[in-house]
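What follows is a single structure, written as structure tokens, with notes after it.
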Amino acid sequence: MKDAQIAALKEELRHLKEELRVENAQRQMDRAAQLEEESLAARARHDDLKKDLSEIFRSAAEAIEEQKQRLGTYLTEMTECADDLSTLKKEGAFKADIDLAVEQMQRQKGS
């Protein structure tokens, strides 16, 4: 009788161990699936952030280029003004004439 009980208990223990292995394997598979989902979500967020950053850099580059063009235009205008003033001075214009020319250029620029 004892041998039969021991055999039955051993068989039950074997079944319990198998169930435990199956449950552990299922938990591991569930955890792996969860990690895969988290990884895909993180990858998607990373891609979105890369796109956002690219857009920011593109916009910044456009703004910088626009400012460079404005600065170039401004420098050209200032050089022309300086040349005009230099010409007036070389021609012996009076200070009042130079002041008048500067006022006119400022008015034109303001228009």
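Of note:
- Over the chain, the alpha carbon radius of gyration divided by the compact-protein estimate 2.2 N^0.38 Å works out to 3.17.
- Rounded percent of accessible protein surface that carbon and sulfur make up, the chain, 1.4 Å probe: 58 percent
- Euclidean distance of C-alpha centroids, the stretch 62-111 and the stretch 2-44, integer Å: 84 Å
- Rounded to the nearest 20, the Cβ-based charge dipole of the stretch 1-104 about its Cα centre (Lys and Arg +1, Asp and Glu -1) stands at 860 debye.
- Local electrostatic count at Gln28 - Lys and Arg +1, Asp and Glu -1, tallied over other residues with Cβ under 13 Å: 0
- Farthest positive-ward along the chain dipole, Cα basis, beta-carbon charges - from Ala101, Ala33, His15: His15
- Rolling a 1.4 Å probe over the protein heavy atoms gives the stretch 1-93 an accessible area of 90 Å² per residue.
- Positive-pole candidate from Leu71, Asn24, Ala61, dipole of the chain, charges at beta carbon: Asn24
The values are calculated or read from the model by the stated rules, or taken from the named source; none is laboratory data. Everything numeric in this text was worked out from a predicted model, so none of it was measured. Heads up, the Cβs are rebuilt from the backbone with ideal geometry, glycines too, and the neighbour counts pull from every protein chain shown. Just so you know, the surface numbers come from the protein's heavy atoms only, side chains and all, with ligands and any DNA or RNA stripped out. Shrake-Rupley method; radii C 1.70, N 1.55, O 1.52, S 1.80 Å.
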